[in-house]
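Every read-out reported here was derived from the displayed coordinates using simple, explicitly stated rules and does not represent laboratory data. Since we're looking at a predicted model, the values are computed, not measured. Counting neighbours? That spans all protein chains shown, and the Cβs are built from the backbone with ideal geometry, glycine included.
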Amino acid sequence: MHIKKPLSFDKLLSTIEKLAAYSETNIADGVTRLAYSQNDELAHQYIIKLAQQYGLDCQQDIVGNVFITLPGQDPSLPAIATGSHLDSVPNGGKYDGILGVMAGLYSLTQFQPKQLTRSLTLIIFRCEESSRFGISCLGSKILTGNIDPQKWHETKDNHGKTLYQAIDEAGYQSAKLEQAELANDAYGAFVELHIEQGKCLEAANKAIGVVNGIAAPTRFRVDVYGQADHSGATPMSQRQDALVSAATIITTLNSLANHEAQLGTVATVGKLNVYPNAINVIPGHVRFYIDIRGIELDSINRVVQGLQQLIAQIMASQPITITLDSLSQEHPVKLNPRLCQTISQLCSEQHIEYLDMLSGAGHDAMYMAQKYPTAMIFIPSKAGISHHKDEFSSPDDIILGATLLTKTLEKLANQKENN
Ligand SMILES: [Zn+2]
């Protein structure tokens with residue numbers, strides 16, 4: 001086995017463009033490549049073929065996760081892994097996930113087998129986006145033993161197809177998915193390159209983000225029940241206006257999160273329904289959704305406690321009923337400080353201006369971090385737009401990100417000691 005030639009920057013950029021054609025929607029409407037769909041399968045096969053053309057060895061596990069490996073000198077040392085995903089949201093962008101896969105392939109082809117001490121592995125995780133089945137990071141959850149067979153068994157897409165049917169129809173074996181879990185010592189480190197999907201890098205005018213933590217969402221559904229009455233015939237003193245109470249909760253939530261802003265905690269109400277939603281009726285019922293994210297669990301808990309106290313106060317002082325249902329309570333993930341330091345140091349050596357930052361969005365790296373020392377590198381997203389057809393990262397930033405990833409993997413693969 002040998003690498004026929006290093007993958008060029010041109011090929012890196014043109015393949016990202018080419019992959020956008022594997023989509024159920026026309027490119028003018030963005031990329032729609034849902035997990036385990038036909039286009040998703042074709043995109044994976046395309047990358048496998050490309051890697052093989054360059055001389056790399058490719059394997060797939062029982063659920064379709066792809067492992068592309070460049071062997072190192074010492075197979076007794078755990079390999080260094082990189083990777084990301086190829087599936088998209090409906091009408092998504094060209095770069096989310098694909099960047100990390102293509103930059104990983106670029107990195108592996110810059111070396112010959114046995115040139116580095118440790119092996120390098122590019123992992124393409126299946127079903128990172130929750131769009132089709134409501135489950136995010138499926139591939140990395142399976143690889144790290146975070147499986148929920150009971151729930152997954154019943155999970156269906158919008159057309160009534162179960163997750164397990166979709167996996168099997170794509171040619172994999174859902175019945176054996178727990179066998180895909182990786183050994184705890186399979187990798188010495190994992191580094192994922194991804195687009196930022198936010199505006200922090202642009203605002204700071206930095207080309208690289210060194211991600212030291214991933215903020216996982218804590219989500220609630222809130223139902224506020226009052227009394228729907230005529231807006232003209234009901235005096236102010238007799239009202240049980242659900243929307244007024246909802247508004248109090250929303251503004252208080254905002255100030256609770258503002259108090260925690262220095263720790264990076266954020267809280268959002270982005271979805272709200274008012275019933276009956278008529279101009280001349282006092283709202284009798286309001287349902288809204290709360291999304292709290294941060295990297296400091298204590299900080300998130302203070303916001304949640306503040307929220308619970310406020311709800312108790314409102315219910316004690318007014319004839320209003322409020323229910324708070326927990327939808328998800330994932331723990332924030334701190335990434336490996338030594339790996340982050342290695343990346344920052346490489347940036348300094350290359351005179352690259354970087355920003356230490358958090359990821360507000362979840363990634364496969366979140367689960368890989370449970371088993372292996374893990375870090376992430378971000379490049380800017382134009383105007384912070386992502387999961388949208390206008391998602392854009394510049395060729396210069398992509399090249400810089402791929403170069404930094406390569407240098408990082410090279411350095412880690414030549415280290416004998418583990419991080
Ligand atoms: Zn992604």
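If we count other beta carbons within 10 Å of each Cβ, what is the order of E192, E417, fewest first? Provide the component values of the computation, followed by the final result.
Values: E192 33, E417 6.
Least crowded to most crowded, the residues run E417, E192.
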Helix axis angle, 395-413 relative to the chain longest principal axis, alpha carbon, degrees: 70 degrees
Set of aspartates and glutamates with alpha-carbon distance to K389 below 12 Å, sequence-local pairs under 8 removed: D29, D96
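Could you rank the peptides 76-89, 311-324 by their average count of other C-beta atoms within 10 Å per residue, with the highest value first?
Values: 76-89: 24.3, 311-324: 14.5.
Highest-to-lowest ranking by the protection proxy: 76-89, 311-324.
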Given charges at Cβ of Lys, Arg, Asp, Glu: the chain dipole, positive-most of F392, G362, Q115: Q115
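Hey, what number do you get for the chain at 222 nm if only DSSP H runs of n ≥ 4 count, each worth -39500 (n - 2.57), divided across all residues, to the nearest 500?
Details: 12 runs with 140 residues, N = 419.
Helices in the chain give a 222 nm mean residue ellipticity of -10500 deg cm²/dmol.
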T268-Q309 FRET efficiency (beta carbon distance; Förster radius 22 Å; 0.05 resolution): 0.65
Selection from L310, F67, V224 lying farthest towards where the dipole of the chain points positive, charges on Cβ: F67
Highest to lowest packing among 65-75, 271-281, 6-16, 362-372, scored as the average C-beta count within 10 Å: 362-372, 65-75, 6-16, 271-281
Rounded to 5, percent antiparallel among DSSP beta bridges of segment 69-187: 30 percent
Segment 366-419: relative contact order in percent, alpha carbon pairs under 8 Å with at least 6 residues between: 27 percent
Those aspartates and glutamates that a straight Cα-Cα span of less than 13 Å connects to K18, excepting residues fewer than 8 apart in one chain: D10
Cβ-placed point charges (K, R +1; D, E -1), dipole of segment 216-329 about Cα centre in debye, nearest 20: 140 debye
Cα-centred dipole magnitude for the chain, charges only on beta-carbon of K, R (+1) and D, E (-1), debye, nearest 20: 260 debye
Shape call, segment 279-417: gyration tensor on alpha carbons, a/c limit 1.5: prolate
Under 28 Å from the Cα of K114 - lysines, other chains or at least 8 residues apart: K4, K5, K11, K49, K371, K407, K411, K416
Calculated from backbone phi, Karplus (6.51, -1.76, 1.60) coupling profile of segment 371-386 in Hz, x at Gly/Pro: 10, 10, x, 10, 9, 10, 10, 10, 10, x, 10, 4, 6, x, 6, 8
Geometric extent, Cα atoms of the chain - Rg, Dmax (angstrom): 23.6, 83
